[in-house]
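A.B. asks: Supplied in structure tokens, the structure appears directly below.
The values are calculated or read from the model by the stated rules, or taken from the named source; none is laboratory data. This is a predicted model, so every value here is computed, not measured. Don't worry about glycine lacking a Cβ; one is built from the backbone with ideal geometry, like all the others, and counts go over all protein chains shown. Calculation scope for accessible area: heavy atoms of the full protein, side chains included, ligands and nucleic acids excluded. Shrake-Rupley method; radii C 1.70, N 1.55, O 1.52, S 1.80 Å.
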Amino acid sequence: MPIRVNLDRVLLERRMSLTELADRVGVTIANLSILKTGKARAVRFSTLAALCRELDCRPGDLLNYEPGPDDGPEGDDDL
């Protein structure tokens, strides 16, 4: 997956725990952990907006595009 999640870096910069963020955003620690480890296949815009609100950041601070060898032109058509 060419999308990398930088949640751990942003949490460290903000000196905030995953537990505190989960409480503030209303998302389970398990789901945030899946996002943090890069195992998430999708994220709702409402969740992304809540993360940005609580972390005082932009979506680009949390998500990064890193193309790789298996990142073909077809891509994933699911929106």
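Yes or no, residue by residue, for (1) in contact with a His (Cβ under 7 Å, 6 or more places away or on another chain); (2) of a type in the set (A, V, I, L, M, F, W, C); (3) modelled with pLDDT under 95:
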residue	(1), (2), (3)
Arg4	no, no, yes
Leu11	no, yes, no
Arg15	no, no, no
Asp23	no, no, no
Thr47	no, no, no
Asp56	no, no, no
Pro59	no, no, no
Pro67	no, no, yes
Glu74	no, no, yes
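A.B. asks: Could I ask something else about it? Mind listing whichever residues of the range 46-69 are open to solvent by less than 50 Å² (accessible area, probe 1.4 Å) and either assigned to a loop (DSSP other than H, G, I, E, B) or among the aliphatic types (A, V, I, L, M) (or both)?
C.D. replies: Correct list: Leu48, Ala50, Leu51, Leu55, Cys57, Leu62, Gly68.
A.B. asks: So which residues in the range 1-21 are outside any strand (DSSP E or B), touching a Leu at 6+ places or on another chain (Cβ under 7 Å), closer than 17 Å to Pro59 by Cα and aliphatic (A, V, I, L, M)?
C.D. replies: Correct list: Leu7, Val10, Leu11, Leu21.
A.B. asks: Could you list, in sequence order, the residues of the range 8-40 that are exposed (fewer than 11 other Cβ atoms within 10 Å of the Cβ) and in contact (Cβ under 8 Å) with a residue 24 or more places away in the chain?
C.D. replies: Of everything in the range 8-40, just one residue is exposed (fewer than 11 other Cβ atoms within 10 Å of the Cβ) and in contact (Cβ under 8 Å) with a residue 24 or more places away in the chain, namely Gly26.
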